[in-house]
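Shown next, in structure tokens, is the structure this report addresses.
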Amino acid sequence: MREIKFRAWIPNTKTGKGHLIIINNEEIDELIEEGCAVMQFTGLQDSKGVDIYEGDILSDKWKAVVYFKNGSYWVTINIGENDDQYLQGFIGSRKQAKCPVDVIGNIYENPELLAQK
């Protein structure tokens, strides 16, 4: 059974930036009401042992963004087409200790990673 944990993006309206924090289940509703983005842990780790959350940008041949849809985690691959793939199919089975991709950032702190070249 996968561990259930969350993180949140706390925007700073004064600087236009923000920061990520790990949160507990009791904080979710309050943070959402305050306009924070809450992301759930997928249960998977990258090749370096970093937990993969919704909103993370994964490296491989393409840059893929993790999101949740219809009860499963998916990735949108940034290759010029909108090619969605099931996350486990993209990075491997949950039975693997580590997945053959790396978290290179997230959509809140590193949006420039998704810019088309």
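The values are calculated or read from the model by the stated rules, or taken from the named source; none is laboratory data. All values derive from a computational prediction rather than experimental measurement. Methodologically, a virtual Cβ is constructed for each residue, glycine included, from the backbone with ideal geometry; neighbour enumeration extends over all protein chains shown.
A residue that is within 15 Å of the chain's Cα centre (by Cα), modelled with pLDDT of 70 or more and outside any strand (DSSP E or B) occurs nowhere in the range 88-95. Name the residue that is farthest from the chain's Cα centre (by Cα), counting only residues in the range 43-65 that are of a type in the set (A, V, I, L, M, F, W, C) and assigned to a loop (DSSP other than H, G, I, E, B). Once the filter is applied, the top-ranked residue is Trp62. Can you name every residue in the range 39-69 that is of a type in the set (Ser, Thr, Tyr) and in contact with a Cys (Cβ under 9 Å, 6 or more places away or on another chain)? Within the range 39-69, just Ser47 meets the criteria. Scanning the range 23-36 for residues that are loosely packed, with under 12 Cβ neighbours inside 10 Å, modelled with pLDDT of 90 or more and closer than 17 Å to Tyr53 by Cα yields no hits at all. Scanning the range 10-42 for residues that are part of a strand (DSSP E or B) and either under 11 Å from the mean Cα position of the chain (by Cα) or among the basic types (Lys, Arg) (or both) yields Val38, Met39, Gln40, Phe41, Thr42.
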